[in-house]
Amino acid sequence: MRRKLIAGNWKMNMTPSQAKALIEEVKPLVAGKDNCDILFCVPFVDIFAAQEAAKGSNIKIGAENVHFAEKGAYTGEISASMLTECGVEYVIIGHSERRQYFGETDETVNLRTKAALAAGMKVILCLGEVKDQRLSGITDEVVAMQTKLDLKDVTEEQLKNVIIAYEPVWAIGTGLTATPEQADETCGVIRNTIKALYGEKAADEIIIQYGGSMNAQNAKELLAKENVDGGLIGGASLKAKDFSIIVDCAQ
Ligand code: PEP
């Protein structure tokens, strides 16, 4: 039985004081809901405020990106050791907005993934097809290729710290959601790719989330699917009540 992970991705939203207020609002709504892991990935500057607000609760705080170098002349970047020293365990890597607006490629996603794993972090690796690829019927090939490239040279042992977020790009922030069947099928393709790369046990154990306009209305059906082990949630993670309803759907 895989444990579901409900993770919010705040993107570039929330100042530290807003972060504190939102976590404090969510805390009582998810208290005692221990049948899934609950995480907010937040802007770097919000990490301490969010951690402080989440103290003593079942809410974990993660980051939204990490650089692949240990240190050096990379102005504006944050390394894995900086995050781990701040007590951050989870990091999102390869989000489609990073790929679309900041030149992220499968190669840099792979470098970041390996750096975070080497530092002992848990990686939420995002991948998914764009609209034209879905319409052309090549979704399966695209996600299989991304899985292979993004995990190149990641060991079976390290894979235990990898969560994959299947996020069809056409569904992110658009209000369009993959049907539960589409989400299940494509998460299944990713699981089969893991099986081919790492074997059956690894495929059975890996957490594969769905992300793309998941909300309080559609979460139940999506999370009920066999291959969907949780959600990566953007917009709805900024609303305490909506996020807590999604957590309820994962119980
Ligand atoms: C995301 O940011 O990963 C995401 C899925 O966003 P949204 O839920 O807003 O589509």
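The values are calculated or read from the model by the stated rules, or taken from the named source; none is laboratory data. Keep in mind that this is a model prediction, so the values were computed, not measured. Please note: Cβ atoms are built from the backbone with ideal geometry, for glycine as well, and neighbour counts cover all protein chains shown. We work out accessible area using only protein heavy atoms, side chains counted, and drop any ligands, DNA or RNA first. Shrake-Rupley method; radii C 1.70, N 1.55, O 1.52, S 1.80 Å.
Checking every residue in the stretch 123-143 against the condition of being modelled with pLDDT of 95 or more, in a loop (DSSP other than H, G, I, E, B), surrounded by 18 or more Cβ atoms within 10 Å (Cβ to Cβ) and touching a strand residue (DSSP E or B) at 6+ places or on another chain (Cβ under 7 Å) gives at least one match.
Can you confirm whether F68 is surrounded by 12 or more Cβ atoms within 10 Å (Cβ to Cβ) and under 23 Å from K20 (Cβ atoms)? No: the conditions fail for F68.
Please determine, by comparing only the residues of the stretch 226-240 that are open to solvent by 20 Å² or more (accessible area, probe 1.4 Å), more than 7 Å from the ligand (Cβ to nearest atom) and not hydrophobic (A, V, I, L, M, F, W, C), which one is farthest from N13 (Cα to Cα). Top of the filtered list is E226. No other residue among E85, E77, E107, E97 is under 25 Å from D37 (Cβ atoms), at pLDDT 95 or above and surrounded by fewer than 16 Cβ atoms within 10 Å (Cβ to Cβ) apart from E85.
For every residue, the table says whether it meets (1) over 16 Å from G62 (Cα atoms); (2) away from the ligand (no atom under 16 Å from the Cβ); (3) assigned to a helix (DSSP H, G or I).
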{"position": "L5", "(1), (2), (3)": "no, no, no"}
{"position": "G8", "(1), (2), (3)": "no, no, no"}
{"position": "A19", "(1), (2), (3)": "no, yes, yes"}
{"position": "I23", "(1), (2), (3)": "no, yes, yes"}
{"position": "D46", "(1), (2), (3)": "no, no, yes"}
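Listed by first and then second residue, the pairs linking a residue in the stretch 222-237 that is at positive phi to a residue that is surrounded by 20 or more Cβ atoms within 10 Å (Cβ to Cβ), with Cβ atoms under 6 Å apart and 6 or more places separating them unless they lie on different chains, are G230/K4; G230/L5; G230/I6; G230/Q209.
Against the condition outside any helix (DSSP H, G or I) and on the phi < 0 side of the Ramachandran plot, how does L149 come out, does it pass? So L149 does not fit the description; no.
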